[in-house]
Structures are given as structure tokens and as C-alpha cells.
1. What about residue 388, is it under 39 Å from the mean Cα position of the chain (by Cα) and assigned by TED's automatic domain parsing to the domain that holds residue 584?
2. For residue 237, indicate whether it is at pLDDT below 75, closer than 30 Å to residue 39 by Cα, in the same structural domain as residue 123 (by TED's automatic domain parsing) and within 33 Å of the chain's Cα centre (by Cα).
3. Filter the range 448-463 down to residues that are assigned to a loop (DSSP other than H, G, I, E, B) and within 30 Å of the chain's Cα centre (by Cα), then give me how many there are.
4. Are any of the residues in the range 347-365 more than 21 Å from the chain's Cα centre (by Cα), within 19 Å of residue 446 (Cβ to Cβ) and crowded, with 19+ Cβ neighbours inside 10 Å?
5. Can you pull out every residue in the range 563-579 that is closer than 18 Å to residue 391 by Cβ and out of contact with any helix residue (DSSP H, G or I) (no Cβ under 8 Å at 6 or more places or on another chain)?
6. Which is crowded, with 22+ Cβ neighbours inside 10 Å, out of contact with any strand residue (DSSP E or B) (no Cβ under 9 Å at 6 or more places or on another chain) and either part of a helix (DSSP H, G or I) or at pLDDT below 85 (or both), of 331, 316, 327, 291?
7. If only one of 267, 278, 259 is at pLDDT below 70, surrounded by 12 or more Cβ atoms within 10 Å (Cβ to Cβ), within 26 Å of residue 221 (Cα to Cα) and in contact with a helix residue (DSSP H, G or I) (Cβ under 7 Å, 6 or more places away or on another chain), which one is it?
8. Does the range 483-490 contain any residue that is in a loop (DSSP other than H, G, I, E, B), over 30 Å from residue 379 (Cβ atoms) and out of contact with any helix residue (DSSP H, G or I) (no Cβ under 9 Å at 6 or more places or on another chain)?
């Protein structure tokens, strides 16, 4: 029940299928018991043990229901045997048995039919929810978590939850009801024999519970290790060129093999415990049935307190308990594995993002006057990357940030886009703290071109129109022309409908960067952020990209983070940063005249 409570928000939309499954399972358990009970009159007819009753019995109350049912059946058998012969009575018993088994299997199928919608619906919704959560969590979350572990949770763990849902419903409805109906019927047949059987049940339950005690812990280890080797695989695919270039294949191979070896060890332990459930419960069941044969056989052969048909029916009901008991022991282990998987999935889903919008968040439609950084400080770990930093950027101006690596330039871009939040101070647009804006509307005001051209395994059109699906082909071509990309796109076999491969692998570095610029141009935002957009390019590509950037930045507010100082000479303001603070600021000419840090940086690059 605790497991179902955890997943209740995903189960509730499919509750009608759960209810139909429960109803079908109730009928399955009922007809399963009746199908075994129906063997009793058939055996009595076969061996001539049916009592000869020629007068219809009279119902005298619920206390005498057992006698009334037996007498009614015996009266029916006596009547048919006298008129049509005992073989005809046997035929009727066979038809009854076939009908009951047919109904039992029909409801068994219907129960699984309905629960399939529940399981697959929960699987779909869980995967959608965890994917949406993955996209909504801040970037800082993924600097602490392995990507492969997230992939393991959205695939393996969610699949384990889906599989265990059927086990849960069997565990709480189908199998317990089958056992309850069988035990009630066994009490009706012989209370003495049933009490004898009950001496063995606590012993069997204790042994089975001992086997499953540590199952959840082993299951969690298996799932964590799966996340680890998937992380190694993801890192390998992402850095394959570097791995091959540095001949580091043996290191990564050993890392992967160590993880799969641990996975092998944990999986074996888990599998052994799961596999022990069925033979253990079956052996305990056979021991119980053996005791039944000895004790019950004495009741039939010695003191004649039980008929042969009743004893055979009783034995069938005992087996009826054995099968669901085995199923419950296996299902309980499955539920424990599913419980561990659900904990890992819900850990991600229940993570609270500090960047989430609030009910009072403002929808920011446009940019009117200025961007300001007011005494901001920020740290990724312990040391502050920015320390009491202040800067104002007027609308329509281009501000360049320069400085050595680690001086805090790219952090400015991360803070204004709210990929991270400041530790101290305020980042404001038009005088309003950006924390008060809806993230979606804030980021709609900005275009971003980074050093690494992030492209997807899709067509040029879909890469350029990212988030701007309403754009026409003419709009896309115009953006490509501004970005100096149309000259190579028009030569491609399918033009803008050409697939560019994984991460744009079919294109050169300069071509990929120009597509990134075209994407930003098509978005047409009032604020443009360029994070070292030309640092990874050769001279010819840099010239084309720089020309594209200059065309794009016209009449926009631009924040340019530059490594190559030749690209920012026309900026309205150049801010030289050192250790998270502003060392000097001014135009290109005024900074050169001041003969300070900027002059040294220019001199080093010229050299």
C-alpha cells in the first residue's frame, strides 16, 4: 500500500482500469475456488458415494447452508441418475466443471487486459514527467549528477515500476482473494483438517520473509550500478575523438568492465534471492500437502468422517492455495525491486528547483531601457567567481567582456539567462529583478550563441527554427543569408531539409557556428548574448562569422564575451575583468591610451 501511495498521482488517471481489474480478479478468485469444489460431486458420482436423496431439501437458514447445498446437489444427482442413468449425471457434472473453468480463465484474461492499460499508462506518464523534470531542473543539478544515471532512471527504473505494478495488484487483490475463498471453502468442508493445515502456515511465512528481507537493498545496488555504466557509455560516446586521440581506450574499457562486473555480481545476488522464492514456497507447500495426505487420509479410511470426493476436492483446494502463495512470494520480491526503482524515479521528480516560477511571476513582454548587475557575487563551489560586481548596459549598446580564463566572463551569461541565480546582489532588466519574471518570458528576450555550436540530429530547418516553429521557409532563408550560411546550405542535396547528423557532425566548425547564429537571428530577440562565438574558428570562418555577428547585432543590445580581442574593437564599452571584478573599462581607443591590462592583452594576442 505504501508503494501504491507513492505512485498514486500516476495511477489515479487510470483508476477505472484498476477498478475493472479488481472486479475481474474477484470473479477469478470466486470461479477458481468453485471450479475446484465442483470436482467433489463428480468424484462422488464416479464412485457412487453420492447420498440418495429423493425429496427436495428445504432451506432453513444460513447456518445450514452447507447441508442445504450438499443435499440439493445430491437430490439433483439422484433424480438424473434415476431418469437418465448415472452417466448422464456425470455428463452434467463435467459440463459444470468446464463452465466454471471457462469463466475462471475468462476473468483472468479480462483482469490482465484491463491492467495492461494501467501499467502502460503509468509507464508513459512517468517517463513524460521525468523528462519534463529533467528539462526544468537547473543546469547546476547536472554538474552534480551523472547523465547516465538519469538515463537509467528514465529507462530501467521506470520499466521496473511498470512491471511491478501488476505484481502489486496480484499481491493485494487476486492471490489473497483466491486464498481466502479457498480457506473459507476448506473450513466448510472440514474445519478439523483446516486447523491442522494452519499449523504449518506461520513456519512457511517466516522462512519466505527471511529470503526477501534484503531484496530491496540488492535491487537498489543493481539499479545504481546500471546508472554508472550508462554514464560511462554516455561519456565515451561524447568524447570518442579525445579518447582515441590520447589512446585512452584501455582506461575507459577497464572503467566500463569494472562497472559491469559489479553489476554482474549484484544481479546474481538479486537473481538468486528472487529464484529461491518459487522452489522454497513449492517445497513448503508439498510438505503441507504430504501432512494433509497422512492426516486427511486417516479421516477418510479410518474414522470415515470425510468422503473420498470431499477429500479430493479438499486436496485440490490446498493446491489452489499453494499456487497463489507462490505467486505472492514472487510478487512481493518484485514489489520490493519496484519500490527501490520508484524511490530513484521519485527522487528526481520530487527535486525542488530553486529557479521554478512562482504564482506571482511576471510575464515580461519587451525590453525598454537597460540591464543592470547590482553588487552581485556568485560562486559555483566555495570560491567566489564574481565578487561585488556592478555594471549597467543601456539598450542598443554593445558591451564586451574580456579577461583571462576564470575571470567570470561566461558566468555573466549564465546569470542573466538565469541558468544560475546570484548568491548576493541583483540582476535586473528595466529596473526589475529577473527573479520576478517567468523564466520562459525572460529567455524569450534573449538570443544565445555559444562557443560550442549545439546542434541536433535533425534537419537544418528544424535546428534553425528551434522554439520558432511558426517561421516560414522564406524567414529561414533570410536568417541563413544574414548569418552567411545560405551560401553552403543551398548547395546541400536537400537544402534546408538536409539532416546534419549527430551534433551537426556532417558540417565544419564554421558552418555549425553560422547555423547557430541563424537560429539566433530567426528568433529576433532584443538582447543578444555571444559567449566566445568565434574562438574555435579558423581565420576564414572567423571572418564570415564575425561579419554575420555584426549584421545580427545591429540595433540590438549585445553582451559579447570575447577571447579574440580583434572581434570586439567596435564595441561601445569594453569591460576588462580580473578575478571576478572590473579591472578597467572604456572604448578600445581609450583603453589602449590608458596602457593598462587591456593593452597587455592586445599585445599578447598581437605577438
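The values are calculated or read from the model by the stated rules, or taken from the named source; none is laboratory data. Worth saying up front: this structure is predicted, and the values here are computed from it rather than measured. For neighbour counting, all protein chains shown are included, and Cβ atoms are generated from backbone atoms with ideal geometry for every residue, glycine included.
1. Numbers: under 39 Å from the mean Cα position of the chain (by Cα): no; assigned by TED's automatic domain parsing to the domain that holds residue 584: yes.
Criteria not met by residue 388.
2. Working: at pLDDT below 75: yes; closer than 30 Å to residue 39 by Cα: no; in the same structural domain as residue 123 (by TED's automatic domain parsing): yes; within 33 Å of the chain's Cα centre (by Cα): yes.
Here the answer is no, as residue 237 does not meet what is asked.
3. Of the residues in the range 448-463, the ones assigned to a loop (DSSP other than H, G, I, E, B) are 451-458.
Restricting the remaining residues to those that are within 30 Å of the chain's Cα centre (by Cα) gives 452-458.
Looking only at that region, the number is 7.
4. Filtering the range 347-365 down to residues more than 21 Å from the chain's Cα centre (by Cα) leaves 354-355, 357-365.
Okay, now just the ones that are also within 19 Å of residue 446 (Cβ to Cβ), so 355, 357, 361-365.
Of the ones still in play, those that are also crowded, with 19+ Cβ neighbours inside 10 Å are 364.
Checked against the condition, which is being more than 21 Å from the chain's Cα centre (by Cα), within 19 Å of residue 446 (Cβ to Cβ) and crowded, with 19+ Cβ neighbours inside 10 Å, the range 347-365 yields at least one hit.
5. Within the range 563-579, 572, 573, 575, 579 meet the criteria.
6. Working: 316 fails: crowded, with 22+ Cβ neighbours inside 10 Å; 327 fails: crowded, with 22+ Cβ neighbours inside 10 Å; 291 fails: crowded, with 22+ Cβ neighbours inside 10 Å.
Answer to the selection: 331.
7. Values: 267 fails: at pLDDT below 70; 259 fails: at pLDDT below 70.
Matching residue, one of 267, 278, 259: 278.
8. The initial filter retains those residues of the range 483-490 that are in a loop (DSSP other than H, G, I, E, B), namely 483-485, 490.
Within this subset, residues satisfying the condition of being over 30 Å from residue 379 (Cβ atoms) are 483-485, 490.
After this cut, where a residue has to be out of contact with any helix residue (DSSP H, G or I) (no Cβ under 9 Å at 6 or more places or on another chain) as well, the list is none.
Looking through the range 483-490, none of the residues is in a loop (DSSP other than H, G, I, E, B), over 30 Å from residue 379 (Cβ atoms) and out of contact with any helix residue (DSSP H, G or I) (no Cβ under 9 Å at 6 or more places or on another chain).
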